[in-house]
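Have a look at the structure below, then the notes.
The values are calculated or read from the model by the stated rules, or taken from the named source; none is laboratory data. What you see is a predicted model; the values in this text were computed from it and never measured. Using ideal geometry, Cβ is built from the backbone for each residue, glycine included, and neighbour counts are taken over all protein chains shown.
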Amino acid sequence: MALDLNTNFALPNCLFSLVVALIIVSVTLSLMQKKKNNEKEKKLEVPPGKMGLPWIGETMEFYKAQKNNQIFEDFVQPRTAKYGKIFKTRLMGSPTVVVNGADANRFLLSNEFKLVISSWPSSSVQLMGKDSIMEKQGNAHHCLRGVIAKSLSYASLDAMVPKICDSVTSHLDKYWNNQNNISLYRTTKILTFKIVFECLLGMKVEAEMVGMFERVLEGVFALPISFPGSKFSRAKKARKEIENVLVDIVQQKRKEMEESSRRGEEEGEEEEEEGSMLLSRLVVGLIRGEITEEEVVDNVVLLVFAAHDTTSFAIAMTFRMLAHHPNCFSLLLQEHMEILSNKRGGGENLTLEDTKKMKYTWQVARESMRLFPPIFGSFRKAIVDIEYEGFIIPKGWKVLWTTYGTHYNGEYFRDPMEFDPSRFDEAIQPYVFVPFGGGPRVCAGYQLAKLNMLIFVHFVVTCYHWSLQYPEEPITMDPLPFPSQGMPINISPKLL
Ligand code: HEM
Ligand SMILES: *[C@@H]1O[C@H](CO)[C@@H](O)[C@H](O)[C@H]1NC(C)=O
Ligand SMILES: *[C@@H]1O[C@H](CO)[C@@H](O)[C@H](O)[C@H]1NC(C)=O
């Protein structure tokens, strides 16, 4: 500044005083600005709430509410009543801000990679693998999403529908036929497991693989401590076994694909269809050196994890709500009888067009997921200091958004605790109905989950009579929700 004045010394007087005046004004302005910023920073506080005990915080309260499937009623609601829609707490060692509402969902979910990144417990990361999509950020994440999305494009879905039908009908033949008493939730888990492998990935699975995966899943949210017999050690051991099986499959696939590309273009249509399956797409990336073998394995494990408990719970809750609401059931049944009447006979495969006619069924399924979200929300981590709603969320803190914040709120859904599929007659505003999340990390398997649910409902309601054994069976969470008895139902074949 002094230098400037010196160089301007020769300037005529009036111009000189003008320059001085300008300098004074600009310095004052910048000082005022600085002061204002300081004041603003001082004013911004972290959201209200109770941090509880050191490290443990309110973890026990949270776990207890979760176990009873009462996270909203016993944990979120009492705190929002006291502190407002945004409050702080401490969970598993991390200071955490819980946010509620459509604006909060939009703010958090759409700012993935910019302000926040997804944040999973260390046990999940160790079991799913550090190369799975949930640990990827930015461009690496985008590329992997692209590969998955291609296997769920319109053409792929069109080819997938008959395959899902085939999986569903063989499943019903095996587990429902000649039975009068089955566990809907447990048997459906076997089906959703098979569907990810056979219809999305294009892999054959042996029956014992289901058990291995179940053991991994049991450890995904367990404390990450390894001692003989702990849930986490058992899970890690199972993960290793799966890895061995998958590495063999991937290397075999690679060999086949390299050989067939050497043989040239003489392959028929069958090969082409095969090539659209996700495993082939991943192996193509592997051959081109775009992805590693670890990435292929980790993502297969992750997809199975993401797909199977969620979809089977959504199916179970859809049937529970249908049993409780006979009027809805008869409307739904009518929809399926109409689709069936355009077919030559029973047992015929459906088409993608048929599934588009299942509008009411999808409303019933969505309404069931609104009340019973398979994933109640998820954690993010602030990668910068975030200013939100007049509060500061410090860098490094976790942020939890929940489906309950909108799904159970009368502002967004009239009489929110009532089951009413017709509320989906009208369009729902973005970030209000969020069982599949939103933003760059919105569920990558949404289309598959939808087809799986619609097609399963179709074959069950057209082929079987069914009724719940425990209409009020409690739902528990560990950490994903499930019916505590496995949802036993009585069944008998429909004579068409
Ligand atoms: C009713 C069934 C399902 C529900 C309710 C559901 C829900 C969700 C939710 C809420 C997220 C976002 C999590 C977050 O924001 O942190 C998510 C992510 C994901 N889902 Fe699903 N999901 C279902 C079925 C599936 C299926 C069948 C697949 C696979 C084929 C799948 C694959 C994925 C993947 C790969 C991600 C991670 C996406 C990413 O990080 O970019 N999901 N799912
Ligand atoms: C249904 O589709 C599957 C898989 O594409 C096929 O194998 C099966 O023969 C089809 N079934 C009927 C009845 O068309
Ligand atoms: C169904 O089967 C289970 C176990 O096989 C049994 O405990 C239960 O009593 C049966 N329920 C009915 C209604 O048959």
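Is the stretch 326-334 home to any residue that is buried (at least 22 other Cβ atoms within 10 Å of the Cβ), at pLDDT below 95 and of a type outside the set (Lys, Arg)? No, there is no match, as no residue in the stretch 326-334 is buried (at least 22 other Cβ atoms within 10 Å of the Cβ), at pLDDT below 95 and of a type outside the set (Lys, Arg). Search the stretch 47-63 for residues being under 13 Å from Leu400 (Cβ atoms) and assigned to a loop (DSSP other than H, G, I, E, B), and hand back the single one that is nearest to the chain's Cα centre (by Cα). Among those that are under 13 Å from Leu400 (Cβ atoms) and assigned to a loop (DSSP other than H, G, I, E, B), it is Glu58.
Only a single criterion out of (1) under 29 Å from Val161 (Cα atoms); (2) in contact with a Pro (Cβ under 7 Å, 6 or more places away or on another chain) is not satisfied by Ile249, namely (2). Assessment of the stretch 117-137 against the conditions (of a type in the set (Phe, Trp, Tyr), in contact (Cβ under 8 Å) with a residue 12 or more places away in the chain and in a helix (DSSP H, G or I)) yields no matching residue.
Scanning the stretch 57-89 for residues that are aliphatic (A, V, I, L, M), under 20 Å from Ala222 (Cβ atoms) and surrounded by fewer than 18 Cβ atoms within 10 Å (Cβ to Cβ) turns up just one, Met60. Among the candidates Glu214, Glu241, the residue that is free of Cβ contacts under 8 Å to residues at least 40 places away in the same chain and closer than 17 Å to His308 by Cβ is uniquely Glu214. Regarding Lys130, is this residue out of contact with any Asp or Glu (no Cβ under 6 Å at 6 or more places or on another chain) and modelled with pLDDT of 95 or more? In short, no.
Restricting attention to the stretch 353-383, the residues being closer than 30 Å to Ser110 by Cβ and either among the charged types (D, E, K, R) or more than 16 Å from ligand 1 (Cβ to nearest atom) (or both) number 7.
Scanning the stretch 189-210 for residues that are of a type in the set (A, V, I, L, M) and touching a residue at least 40 places away in the same chain (Cβ under 8 Å) yields Leu191, Ile195, Val196, Leu200, Leu201, Met203.
Of all residues in the stretch 171-188, those that are surrounded by fewer than 15 Cβ atoms within 10 Å (Cβ to Cβ) have Cβ atoms under 9 Å from Cβ atoms of residues that are at pLDDT 95 or above and among the small types (Gly, Ala, Ser), 6 or more apart or on another chain, in Asn180/Ser492. For the stretch 214-296, the helices (runs of 4 or more DSSP H) that sit wholly inside it and include 1 or more residues that are within 23 Å of Lys150 (Cα to Cα), touching a helix residue (DSSP H, G or I) at 6+ places or on another chain (Cβ under 7 Å) and modelled with pLDDT of 85 or more are 231-263, 278-287. Total residues in the stretch 463-476 satisfying the condition of being surrounded by 17 or more Cβ atoms within 10 Å (Cβ to Cβ), more than 16 Å from ligand 3 (Cβ to nearest atom) and closer than 30 Å to Leu223 by Cα: the figure is 1. Contact map, the stretch 470-496: residues that are touching a residue at least 40 places away in the same chain (Cβ under 8 Å) and of a type in the set (S, T, N, Q) paired with residues that are assigned to a strand (DSSP E or B) and more than 16 Å from ligand 2 (Cβ to nearest atom), Cβ distance under 6 Å, separation 6+ or inter-chain. Pairs shown: Asn490/Asn181; Asn490/Ser467; Ser492/His465. Of the residues in the stretch 453-474, at least one is within 11 Å of ligand 1 (Cβ to nearest atom) and within 16 Å of Ser368 (Cβ to Cβ).
Of everything listed in (1) within 16 Å of ligand 2 (Cβ to nearest atom); (2) surrounded by 18 or more Cβ atoms within 10 Å (Cβ to Cβ), the single unmet condition for Thr361 is (1). Residues that are modelled with pLDDT of 95 or more, more than 16 Å from ligand 2 (Cβ to nearest atom) and under 27 Å from the mean Cα position of the chain (by Cα) within the stretch 153-183 comprise just one, Ser183.
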